[in-house]
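The values are calculated or read from the model by the stated rules, or taken from the named source; none is laboratory data. Please read all numbers here as calculations on a predicted model, not as lab measurements. Methodologically, a virtual Cβ is constructed for each residue, glycine included, from the backbone with ideal geometry; neighbour enumeration extends over all protein chains shown. Quick note on the areas: whole protein, heavy atoms, side chains included, nothing else; ligands and nucleic acids left out. Shrake-Rupley method; radii C 1.70, N 1.55, O 1.52, S 1.80 Å.
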Amino acid sequence: MDVVDFFADSKTGFFTVKNDSNLSIVDSNDSFLSMTGLDSVKDAKKRCLKNCVSPNDFEQIKQKLTTEKSFEIEAELKKMAGTCLYGVFTFKVENVGSKESSVTGLLNDISAIRRREMSLRSQNDGLRIGMQNMSALVWEYDFATKSMICDSPVVTSRWKDGIIPKVSETLLSSGFIHPDSLFPYLEMHEALDRGEPECNSEVRAKVDGVNFKWINIKYTTIYDDETCEPSKAIGVAIDINDQKERQLQYLMDMQYHDAMVSDAIYLMEINLTKNIVLKPDRRLKNKMGEAHSMAYWNLVTTMAEQLVYEKDRSFFTNMLSKEYLLNLFRSQMTNFSFEYRSIVTQDEVQWCRVFVNFILEPMQGDVCMLLYARNINDEKIRELNIMDGAERDSLTKLYNRATMQHKIDFALAESSKTGLSCVMLLIDLDNFKVVNETYGHLYGDAVLCEVTSRIKAVFPDTDLIGRVGGDEFIVFLTDVPSFDFVQEKAESVCSSLRNPIQFDSRGFSLTCSVGIAISPQNGMVFKTLYERTEEALYTAKTDGKDCFRFGDRD
């Protein structure tokens, strides 16, 4: 049987060529012609290896034909349609070096193998680049020597050739692993040495050689194909320090949160930016029914209507309005609280305190908050009993501090919706202690009443005036038209008190110092504004008294 006929139906390409300059095809089977693309070439002169093998590979074949009787070579094939294949040629030469020699050969297509190799190489390159971008540390663990081999600068700068012998013992004794992570690290290595397919652990280590950071170490074991025993393992360490610190902080926050809201009468998580209730409260749902599933603002107004005492409803909705809360967050307030009266029965109310804690959602940047309330009725009643239910100072009949705080917070909440400016003036009498020491406290009380009259004469009844200390007064102005207007009022107060005060033929001059803060620039709640006025008042005292100073205007 002819050799060509024998290979006719084979997937292996068979051919014979002349040992000429082009290695012209003398005979071949169909598989060879198909693999090389020569089946589409009609011109017999163009049916040659030179036209189907890449130039570099063709030159290597030509060179070997002059010196070797038989050889095997891998070559890239260029099919006529432009498609590239990879094949292994096997040549046999009858008369080496003779141009008349007969050359026979076989061709096997290995394109699929090469494509898989390239794909794996691409995947490995992608994995390596991905690891680099993740700042991951990758190394090899040798089971026979229990050594770690790694080319990272962190390792090579300390251990020669990047080889750490007896790695588990070495890293512990060198202080690379934090003592607190001793047991989880050793447990992981024990599992690794037992031949577990995978094992991992979270430990603190000196990844940068200086500071301890949290890392996640994961080993993947590779087994010997013949013995099925572990031959090596690939270790990967990923920096999880930020994630771990957030996790630990979250656990601490949750413990604080649980303790903080243990006696809450309701508790909700709100997304202010999106105006939605993230986590509703089942107790409110029992009271309000389907209204509880409303959008945040609708829920607030419904709560006010159904659960809040009529006289406190406007205050309640103002304090929980989306605009007011977002303004507080923008002014870097992290939390605040307020009091209101809740309806128990038709004839009974109870005092509650609402607490708000702001949270910035890290992924979307939404402003969220934890909103909860406590029953403070007993505490509030004791407080009101101590104050005898009075809103006003018993001597001057001005509003007291608690009342001023309540009314000012309410006014600030209103102004956040209208955009109007508000101003707080803190007035402190200069050297008032001398009056009491010289003339006695009864005389001093009379002077305080006269001072009250003079302050009230400067401001209309619509402005809030209160006595918040022995010789300290607060005036709160709303809808302030201009900065000059505030200056005029402050100067009027100072000028009014400079006029001599005279009782029982005894006369003397009294001066005052004034600290001024403006909302919203200096704050959106009573506490913040009051602190700014105190700072400004201190400046006025330092500058010689009998003057007024403004808080910083950002």
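Quick look at the values:
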| read-out | value |
| --- | --- |
| Selection from the range 415-434 of residues that are buried (at least 17 other Cβ atoms within 10 Å of the Cβ), within 35 Å of the chain's Cα centre (by Cα) and part of a helix (DSSP H, G or I) | Ser415, Ser416 |
| Strands (runs of 3 or more DSSP E) within the range 454-517 that include 1 or more residues of a type outside the set (D, E, K, R) and under 23 Å from His406 (Cβ atoms) | 464-467, 472-478 |
| In the range 295-311, the residues that are of a type outside the set (Phe, Trp, Tyr) and part of a helix (DSSP H, G or I) | Asn298, Leu299, Val300, Thr301, Thr302, Met303, Ala304, Glu305, Gln306, Leu307, Glu310, Lys311 |
| Test: residue in the range 50-60 that is surrounded by fewer than 19 Cβ atoms within 10 Å (Cβ to Cβ) and either among the β-branched types (Val, Ile, Thr) or in contact (Cβ under 8 Å) with a residue 40 or more places away in the chain (or both) | no |
| Residue within the range 295-310 that is at pLDDT below 85 and buried (at least 16 other Cβ atoms within 10 Å of the Cβ) present | no |
| Members of the range 91-125 found to be modelled with pLDDT of 80 or more, open to solvent by 50 Å² or more (accessible area, probe 1.4 Å) and not in a loop (DSSP other than H, G, I, E, B), listed by number | Lys92, Leu106, Asn108, Asp109 |
| Spans of strands (runs of 3 or more DSSP E) in the range 312-403 with at least 1 residues free of Cβ contacts under 8 Å to residues at least 40 places away in the same chain and surrounded by 14 or more Cβ atoms within 10 Å (Cβ to Cβ) | 335-345, 348-360 |
| Contacts under 6 angstrom Cβ, first residue in the range 231-246 being in contact (Cβ under 8 Å) with a residue 60 or more places away in the chain, partner open to solvent by 70 Å² or more (accessible area, probe 1.4 Å) and charged (D, E, K, R), 6 or more apart | Val236/Lys218 |
| Whichever residue in the range 269-289 is part of a strand (DSSP E or B) and open to solvent by less than 100 Å² (accessible area, probe 1.4 Å) and, among such residues, is modelled with the lowest pLDDT | Leu278 |
| Tabulated pairs, the range 16-45, first more than 20 Å from Thr67 (Cβ to Cβ) and touching a residue at least 12 places away in the same chain (Cβ under 8 Å), second assigned to a loop (DSSP other than H, G, I, E, B) and small (Gly, Ala, Ser), C-beta under 9 angstrom, 6+ apart or interchain | Asn29/Ala8; Asn29/Ser10; Asp30/Ala8; Ser31/Ala8; Ser31/Ser10; Gly37/Ala81; Ser40/Ala81 |
| Hits in the range 455-491 - residues which are β-branched (Val, Ile, Thr) and without any contact (Cβ under 8 Å) to a residue 60 or more places away in the chain | Ile455, Val458, Thr462, Val475 |
| Subset of the range 489-520 that is small (Gly, Ala, Ser) and loosely packed, with under 15 Cβ neighbours inside 10 Å - its residue that is farthest from Thr452 (Cα to Cα) | Ser505 |
| Residue list for the range 142-192, filter: of a type in the set (Val, Ile, Thr) and under 16 Å from Val236 (Cα atoms) | Ile149, Val154, Val155, Ile163, Ile164, Val167, Ile177 |
| Residue in the range 540-549 that is among the hydrophobic types (A, V, I, L, M, F, W, C), assigned to a helix (DSSP H, G or I) and in contact with a helix residue (DSSP H, G or I) (Cβ under 8 Å, 6 or more places away or on another chain) present | no |
